[in-house]
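As structure tokens, the structure follows; a few thoughts come after it.
The values are calculated or read from the model by the stated rules, or taken from the named source; none is laboratory data. Small disclaimer: the values here were computed from a predicted structure and weren't measured. Positions of Cβ are generated from backbone atoms using ideal geometry, with glycine treated the same way; all protein chains shown enter the neighbour counts.
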Amino acid sequence: MLKNVKIKKMDTKTLKRILFKRGFLSFRKSTIKKQSSLENLYKISFSSLLIISFFYILPTSYNFVSKAFKPNLEIQNSSNKQMTQTLEGNVLIEKEESNITDQDLVYQELYGEVTEEDSLETGVRLKASVLYQLFKDTNYNLSDVRVDKIAKPVEIGKLPYELKEIENVSKRKELFIQIVLPLILEENNKILLDRKKLFAILNKNNSSSTDDAWLKKKFKQYGVSKQDISTLKRRMDIIPTSLAIAQAAKETGWGTSRFALEGNALFGQWTYSDKGIKPASADKGTTHKVMMFNVLKSSVRAYFRNLNTHKSYQEMRYIRAIQRDNLGKLDSLELVDHLDKYAETGKEYTVILKKIIKQNNLTDFDDVKILPSSEAEKNLI
């Protein structure tokens with residue numbers, strides 16, 4: 001027991017000072033420790049918020065990236081046989097290309113307006129002598145066309161039977177070209193007008209309901225079921241005039257074949273329905289026929305739709321798009337190389353087409369314009 005010890009009364013402040021000197025208390029460390037705890041709390045809270053936000057926006061980001069980098073879709077037509085069946089109004093189911101998912105494609109959307117318009121046409125077959133006089137009266141001759149690059153909008157519905165009786169090969173070829181040239185140019189004009197409208201819509205900040213309806217219609221016409229603009233731009237393009245003339249000449253023997261004269265078929269498209277002409281040289285057991293049209297322009301339109309949508313000509317369409325980007329104009333002699341699937345003879349077929357183009361100087365017609373029949377077409381000249 002302690003005796004006679006005086007305990008000096010001290011306040012709290014003095015006590016803390018003594019304890020601090022002896023190392024039992026540190027105001028600074030306590031303060032730092034307290035601040036450190038608060039900082040850790042803030043860091044944990046902020047990290048938690050970041051993690052929650054990340055998982056919240058992850059699904060949306062994934063969908064955006066998936067759509068942004070989705071590969072362009074190209075609709076497949078597996079064969080000439082399938083293409084011609086569509087013109088009978090049949091519905092076929094096709095598969096997308098190797099890395100694309102399955103999808104259903106209503107082919108009537110591709111060729112519906114072709115068959116519908118053709119059913120309303122009757123056409124008049126004029127004699128060769130009448131055509132010669134008509135072209136003379138309208139000052140329509142190929143020599144002027146090659147120089148002036150302007151063709152008259154003369155629409156002939158059917159080929160004259162006398163075409164095969166013209167012994168002079170040059171005259172027969174010239175008459176054939178005079179007949180099919182305006183039809184090809186007119187179809188190209190329609191495509192160019194559509195293409196011009198497409199790019200005008202794409203350049204708008206906001207499209208109208210009318211624009212959206214038009215786009216929806218064109219997606220169907222060109223078989224673009226996923227509304228892929230890139231695919232539509234590749235498909236909605238012209239066929240070089242020289243290439244179209246060469247194929248028509250090859251498929252019809254310059255307009256002298258039975259299919260051309262009786263069925264207005266310029267491009268040898270097949271059908272498996274009752275409406276068609278059975279080839280005399282068809283193998284036994286085959287059921288295909290060559291498709292018939294009421295007028296020549298329907299055959300031209302179906303041919304354009306075929307090349308612009310059929311899987312077999314997808315490579316041709318890609319090369320055409322590259323030519324557009326790099327050259328600004330199309331090279332038919334290069335595009336011909338990618339039409340080997342058009343005929344069973346393959347590469348031999350493309351060699352023949354090149355010879356027809358070169359020997360007849362058909363590239364002279366590639367930059368020919370047709371006199372406009374409407375205000376809209378005036379801007380295309």
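Key figures
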quantity	calculated
Output for segment 157-168, where each listed residue is in a helix (DSSP H, G or I) and touching a residue at least 60 places away in the same chain (Cβ under 8 Å)	Y161, L163, K164
Some residue of segment 350-365 being surrounded by fewer than 16 Cβ atoms within 10 Å (Cβ to Cβ), over 25 Å from the mean Cα position of the chain (by Cα) and modelled with pLDDT under 95	no
Residue pairs meeting the criteria (Cβ under 9 Å; at least 6 apart or on separate chains; first of a type in the set (F, W, Y), in segment 138-156; second surrounded by 14 or more Cβ atoms within 10 Å (Cβ to Cβ) and at pLDDT 95 or above)	Y140/L134; Y140/A151; Y140/Q178; Y140/P182
Residue list for segment 327-364, filter: touching a Phe, Trp or Tyr at 6+ places or on another chain (Cβ under 8 Å) and assigned to a helix (DSSP H, G or I)	Y349
Count - residues of segment 193-242 that are surrounded by 16 or more Cβ atoms within 10 Å (Cβ to Cβ), assigned to a helix (DSSP H, G or I), out of contact with any Ser or Thr (no Cβ under 7 Å at 6 or more places or on another chain) and in contact (Cβ under 8 Å) with a residue 60 or more places away in the chain	6
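Table: residues versus (1) more than 25 Å from Y111 (Cβ to Cβ); (2) surrounded by 19 or more Cβ atoms within 10 Å (Cβ to Cβ); (3) among the polar types (S, T, N, Q).
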residue	(1), (2), (3)
A302	no, yes, no
N308	no, yes, yes
Y313	no, yes, no
Q323	yes, no, yes
L330	no, yes, no
L333	yes, no, no
E344	no, no, no
N379	yes, no, yes
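Per-residue answers, yes or no, for (1) outside any helix (DSSP H, G or I); (2) more than 30 Å from the chain's Cα centre (by Cα):
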{"position": "L126", "(1), (2)": "yes, yes"}
{"position": "S143", "(1), (2)": "no, yes"}
{"position": "E174", "(1), (2)": "no, yes"}
{"position": "I191", "(1), (2)": "no, no"}
